[in-house]
Amino acid sequence: LSVLAPFSAVGTAGMVFTLVVMAIRCFDGSYDPEQNGRYLDTAPDLRPYFSDDEHMPPLGTNIFLLSCMCFLAYFCHYNSPRYYTELKNNTIPRFTTVINVSFTVTALVYFAIGIFGYYTFGANTDGYILNNYSANDDLASICRFAIAISVTFTYPLPFIGTRDGILDLFSVSDELQSSTNLNILTLAMLSAFTLLAWHFTDLELMNAV
């Protein structure tokens, strides 16, 4: 996994940039109807909407989707052996420190994105938050590109774990795990995942499932 470190850093930078832009748009009034925001040209169901109790997020069945996504956000245990093996000076205390720090930082980023997103768009906050931002918003457009880069560069991390899981599930021997066979399996899996992504467009539901 060490060869993926630079790409992971690029993906992380894309997420941090998106967080900064969301914070800017949350406070500059660009999407505030009361301030005649300049980016209120989105679809009605994507524009900011707040009920009378605007400081309390609405509770409903979506809370179950949120719970599932929160669990999925830390669903990375399948790569833990690799992380531990490739960690420099890999002792249990050092590995514990790395996990604690990374999970804490990740939680803070998730929390901030959720807060900025909700306090910008209220009840109309979309499952894919960038859908709420105007196509004429240059910063949001850069964010979409940044997220695309982030997903592309970090995709190998969960993919490798999934591929290894399939190999373990079917008890594939080491002798059969040649470069050629692994490449064939990788292409087959990528093709299947691409076809599924082509037909399923509800990112919020897919993340929850």
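The values are calculated or read from the model by the stated rules, or taken from the named source; none is laboratory data. Predicted model, so just to flag it, every value in this text is computed and none were measured. All Cβ positions, even for glycine, are placed from backbone atoms using ideal geometry, and neighbour counts span all protein chains on display. Note: accessible area is taken over every heavy atom of the protein model, side chains too, but ligands, DNA and RNA are not part of it. Shrake-Rupley method; radii C 1.70, N 1.55, O 1.52, S 1.80 Å.
Might you let me know whether region 87-106 holds any residue that is closer than 17 Å to Met15 by Cα, surrounded by 15 or more Cβ atoms within 10 Å (Cβ to Cβ) and among the small types (Gly, Ala, Ser)?
Scanning region 87-106, I find no residue that is closer than 17 Å to Met15 by Cα, surrounded by 15 or more Cβ atoms within 10 Å (Cβ to Cβ) and among the small types (Gly, Ala, Ser), so the answer is no.
So which of Asn124, Asn100 is in contact with a strand residue (DSSP E or B) (Cβ under 8 Å, 6 or more places away or on another chain) and at negative phi?
The conditions single out Asn124.
If you go through region 191-202, how many residues are within 18 Å of Ile166 (Cα to Cα) and at pLDDT below 90?
Qualifying residue count, region 191-202: 3.
Between Leu19, Leu1, which is of a type outside the set (Phe, Trp, Tyr), within 25 Å of the chain's Cα centre (by Cα) and at pLDDT below 90?
Within the list Leu19, Leu1, the selection yields Leu1.
I need every pair where a residue in region 171-183 that is free of Cβ contacts under 8 Å to residues at least 40 places away in the same chain has its Cβ under 9 Å from the Cβ of a residue that is part of a loop (DSSP other than H, G, I, E, B), sequence separation at least 6 or different chains.
Correct list of pairs: Asn181/Val172.
When you look at Ala73, is it at pLDDT below 80 and either surrounded by 11 or more Cβ atoms within 10 Å (Cβ to Cβ) or closer than 21 Å to Gly161 by Cβ (or both), yes or no?
yes
Looking only at region 157-177, count every residue that is open to solvent by less than 60 Å² (accessible area, probe 1.4 Å), aliphatic (A, V, I, L, M) and more than 15 Å from Ser80 (Cα to Cα) and tell me the total.
Residues in region 157-177 being open to solvent by less than 60 Å² (accessible area, probe 1.4 Å), aliphatic (A, V, I, L, M) and more than 15 Å from Ser80 (Cα to Cα): 3 in total.
Does Asn100 count as among the polar types (S, T, N, Q) and not in a helix (DSSP H, G or I)?
For Asn100, the condition - among the polar types (S, T, N, Q) and not in a helix (DSSP H, G or I) - is not met.
Are any residues in region 1-25 β-branched (Val, Ile, Thr) and touching a residue at least 60 places away in the same chain (Cβ under 8 Å), and if so, which ones?
Result: Val10, Thr12, Val16, Thr18, Val21, Ile24.
What tally of residues in region 130-154 results from selecting those that are modelled with pLDDT of 90 or more and not hydroxyl-bearing (Ser, Thr, Tyr)?
Selection size over region 130-154: 13.
Can you pull out the residues in region 109-154 that are outside any helix (DSSP H, G or I) and in contact with a helix residue (DSSP H, G or I) (Cβ under 9 Å, 6 or more places away or on another chain)?
Hits for region 109-154 are Asn124, Thr125, Asp126, Gly127, Tyr128, Tyr133, Ser134, Ala135, Asp137.
Among residues belonging to region 14-33 that are surrounded by fewer than 19 Cβ atoms within 10 Å (Cβ to Cβ) and of a type in the set (D, E, K, R), point out the one that is farthest from Gly122 (Cα to Cα).
Asp28
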